[in-house]
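Reading through the structure tokens given below for one structure.
Read the figures in this text as sums done on the coordinates, not as results from a lab. From a predicted model like this one, the values you see are computed outputs, not experimental measurements. No Cβ is skipped: glycine too gets one built from the backbone with ideal geometry, and neighbour counts run over all protein chains shown.
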Amino acid sequence: MNCPKKIVLLGATGSIGKSTLQVIRKHADRLQLLGVSAHSNSPKLAEIANEFKVPHAYLPENAHGVEEWPSHSNLDRSPDGLSAIAALEDADIVIVAIVGASGLAPTLSALEAGKNVVLANKESLVLGGDLVMRTAKENGALVIPADSEHNAVFQCIQGVKSADLDSIILTASGGPFRELPLEELKNVTIEQALNHPNWSMGNKVTIDSATMANKGLELIEARWLFNLPPSRLEVVIHPSSIVHALVRFIDGCCLAQLSPPSMTFALQHALLFPERAKGVYPSLDFSKTLDLNFSPPSLSRFPCLRLAKDCLEQGGSAPLVFNAANEIAVSAFLSNRIGFLQISDIIDKTLSKFAYQPTDDLHALLSLDSEARRIAGEIIG
């Protein structure tokens, strides 16, 4: 019997982290937690370290509630601790499930150490897609997507010649406001925006789903993961979230990946790749009627998707600025400082302040990210 794969899970207490732990519990004979990190939820991280007997952990220095830490677990709180745990010598796979731009540095650290990265952090590719993919190639490491849509594409193209691939189609549920009259969008509340019809996710990504900024970020991510130009990347509305993506080939045929709307399916595939095993949840029941309807998204209803597409076409640092402004705007919405429709306005105004020069230096990328956040914050006031 093969030894279990040793896993480092960055972002262990978030929604992706929780789903990952479900998979590891299901396949404890194949997967073993070597390291974990959290942003601030110290008690939950201690629980995880206890349950899985995790030898390495990281918490930022400003995280509270660390009075009692498991004696078997080494807790790193140094400024470089997150990147250090991402590059642990014994790690086989590093799962980057951190939300936001802070995922870029540990992603690069893991890849530079030759570790395969299961990527659930869109921002790493939105900020530094060329740098991330080049670093992976230079160090013989794989970037395996964990987002349900990109993992679906990854599954569909195994064994496929790149010359045979025509285009990629990502599906989107349309969120909670897919059919809401446009005039009512200005009155949307935080509670309504957080009420996703299909998925259970963190607050930030749930708002991104409601605005479809999430799907715009996924288009940018797909450009780097699958090395396709914007003209060969599409989005369709698929309300039931059963089909996660489709791949169209040059002969006109399409392949689709279908599974229930749970992140455990994509995460398990990514962690066990290239092997498969029984899933955490049952598969689809084809004896029952399934909704397989598709329709094009309305760019007037979802201006964040339009802005993301424009940034993808422009290239350079435009996607980085889009992402930074979106994070600041979503945070302001969640704290009741702006209305729902102002999210796209803040992004648009922030984008207008920048010229979009290409850059692939980590320090320059993070500096530009900080500047874009500062300007977005000033626009909000």
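Counted by Cβ distance under 14 Å from GLU275, the other residues give a net charge of +3, where Lys and Arg count +1 and Asp and Glu count -1. Let me make sure I get this right: for segment 217-297, a, b and c are the square roots of the gyration tensor eigenvalues over alpha carbons, sorted descending. Under 1.5 in a/c it's rounded, otherwise prolate if a/b > b/c, else oblate. Which is it? Oblate shape, in that a/c is at least 1.5 and b/c is the bigger or equal ratio. Here each label is just a point 7 Å from Cα along the line to Cβ, and for SER352 and ALA256 those points are 4.0 nm apart.
For segment 37-132, the list of GluC sites (Glu not before Pro) that fall in a loop by DSSP and count at most 13 other C-beta atoms within 10 angstrom reads GLU61, GLU67, GLU68, GLU89. Pairs exceeding a 32 Å alpha-carbon distance, out of LYS215/LYS288; LYS44/LYS349; LYS122/LYS161; LYS6/LYS288; LYS186/LYS353: LYS44/LYS349; LYS6/LYS288.
Annotation: the residues CYS253, CYS311, sorted from fewest to most other C-beta atoms within 10 Å of their own C-beta, follow the order CYS253, CYS311. For segment 1-24 and segment 60-122, what is the separation of their C-alpha centers, rounded to whole Å? If we compute the Cα centre of each part, the gap is 13 Å. Here the residues THR107, THR171, ranked from fewest to most Cβ neighbours within 10 Å of their Cβ, fall in the order THR171, THR107.
If the segment from SER231 to SER287 were pulled out straight at 0.36 nm per residue, it would be longer than the present Cα-Cα gap by 16.4 nm. Considering all different alpha carbon pairs of segment 5-145, the Kirkwood hydrodynamic radius works out to 14.8 Å. Does segment 216-362 come out rounded, prolate or oblate by the C-alpha gyration tensor, with a ≥ b ≥ c the root eigenvalues, rounded set by a/c under 1.5 and, if not, prolate when a/b is larger than b/c and oblate if not? It comes out prolate by the Cα gyration axes. Helices in the chain, meaning DSSP H runs of at least 4 residues, each add -39500 (n - 2.57). Divided by all residues, the mean residue ellipticity at 222 nm is -12500 deg cm²/dmol.
I'm a student and want to see the number: the projected area of the Cα convex hull of segment 62-161, averaged over all directions, in nm². So the mean shadow area of the Cα hull is 8.1 nm². Taking a label point 7 Å from the Cα of ASN50 along the Cα→Cβ vector, which residues of segment 62-91 have an amide N closer than 17 Å to it? Those under the cut-off are 65-75. Sorted fewest first by neighbouring Cβ atoms within 10 angstrom, MET212, MET263, MET201 come out as MET201, MET263, MET212.
Counting only DSSP beta bridges with both residues in the chain, the antiparallel share comes to about 30 percent. Projected onto their three principal axes, the Cα atoms of the chain cover extents of 57, 52, 40 Å, largest first. When only Cα pairs below 8 angstrom with a gap of at least 6 residues are kept, the chain shows a relative contact order of 15 percent.
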